[in-house]
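Peer 1: The structure is given below, and queries will be raised subsequently.
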């Protein structure tokens, strides 16, 4: 009787060991499958807003890092302000960001610009965070757009060989400033592969239509002063409503349509940047406007 009990217990334990072995092998196979297919368990997330109004869903996703490139147009008056812009972008919420400085001034102190960029790379503790593009002699009376177009051509050619080096691009000036919340607001739309992302901005230009009228002129305290400048403007992808630095473009989209700042006849004027945004917006139905003020146009 005792021998039978011992035999039954032995068979039972053998069965448990076999089950444990099967379970262990199954778990191992599942983990290998996940690894081979590139799934990242750290990016398992609850999607509560997919920007199209669909219902909530739980998804296991593979998120590729988005690389933003910023073309920074610099003339002699921008060099001492450049550190403000560069360091602000370092804290703007992008893990992968490259800054390309382009000289739009024939009389710039190029050695001072080199030293400034070198200091900024060391201060930001990022190798090649800022690079100076050698794009030839700047134009004259062209608002810096000739060199800007050369920079776009450089990015298009680079994209042919290395498409992940720059997936989105912002064109801006060396005296501008961005919010530290820029990345938080832009990245979801970059992951969604929107062709154009634009956001509200503060403009330095005089805007008579935005002056705050004092309806009760008899009131003397507090005094209201409004010079019509430094106004927060709602961005729109049309002339006069889209500053160059208030828009991010998917680089593959721009490259596909071979877009440049110049007009079809190769000329430029003060409205060329607004025309660029308007032309680009007419070529896609996947644009997004953000009603957050993320940029100050100095």
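The values are calculated or read from the model by the stated rules, or taken from the named source; none is laboratory data. All values derive from a computational prediction rather than experimental measurement. Quick reminder, even Gly has a Cβ in these numbers, built from the backbone with ideal geometry, and neighbours come from all protein chains shown.
Peer 1: Residues of segment 237-264 being in a loop (DSSP other than H, G, I, E, B) and surrounded by 16 or more Cβ atoms within 10 Å (Cβ to Cβ), which ones?
Peer 2: Across segment 237-264, the qualifying residues are 237, 241, 242, 243, 259, 260, 261, 262.
Peer 1: Sticking with this one: Those residues that are outside any loop (DSSP other than H, G, I, E, B), at pLDDT below 75 and touching a strand residue (DSSP E or B) at 6+ places or on another chain (Cβ under 6 Å), I need them from segment 201-234; list them, please.
Peer 2: The answer is 210, 232.
Peer 1: Kindly provide the set of residues from segment 124-138 that are more than 19 Å from the chain's Cα centre (by Cα), in a loop (DSSP other than H, G, I, E, B) and touching a residue at least 12 places away in the same chain (Cβ under 8 Å), ordered by number.
Peer 2: 133, 135, 136, 137, 138, listed by residue number.
Peer 1: I would also like to ask the following. Name the residues in segment 175-200 that are in a helix (DSSP H, G or I) and either surrounded by 19 or more Cβ atoms within 10 Å (Cβ to Cβ) or in contact with a strand residue (DSSP E or B) (Cβ under 8 Å, 6 or more places away or on another chain) (or both), would you?
Peer 2: 182, 183, 185, 186, 187, 189, 190
Peer 1: Does segment 95-120 hold any residues that are buried (at least 17 other Cβ atoms within 10 Å of the Cβ) and either within 22 Å of the chain's Cα centre (by Cα) or assigned to a loop (DSSP other than H, G, I, E, B) (or both), and which are they?
Peer 2: Hits for segment 95-120 are 97, 98, 99, 100, 101, 102, 103, 104, 105, 108, 117, 120.
Peer 1: Answer yes if at least one residue in segment 48-69 is modelled with pLDDT of 75 or more, surrounded by 12 or more Cβ atoms within 10 Å (Cβ to Cβ) and in a helix (DSSP H, G or I), and no otherwise.
Peer 2: No, segment 48-69 contains no residue that is modelled with pLDDT of 75 or more, surrounded by 12 or more Cβ atoms within 10 Å (Cβ to Cβ) and in a helix (DSSP H, G or I).
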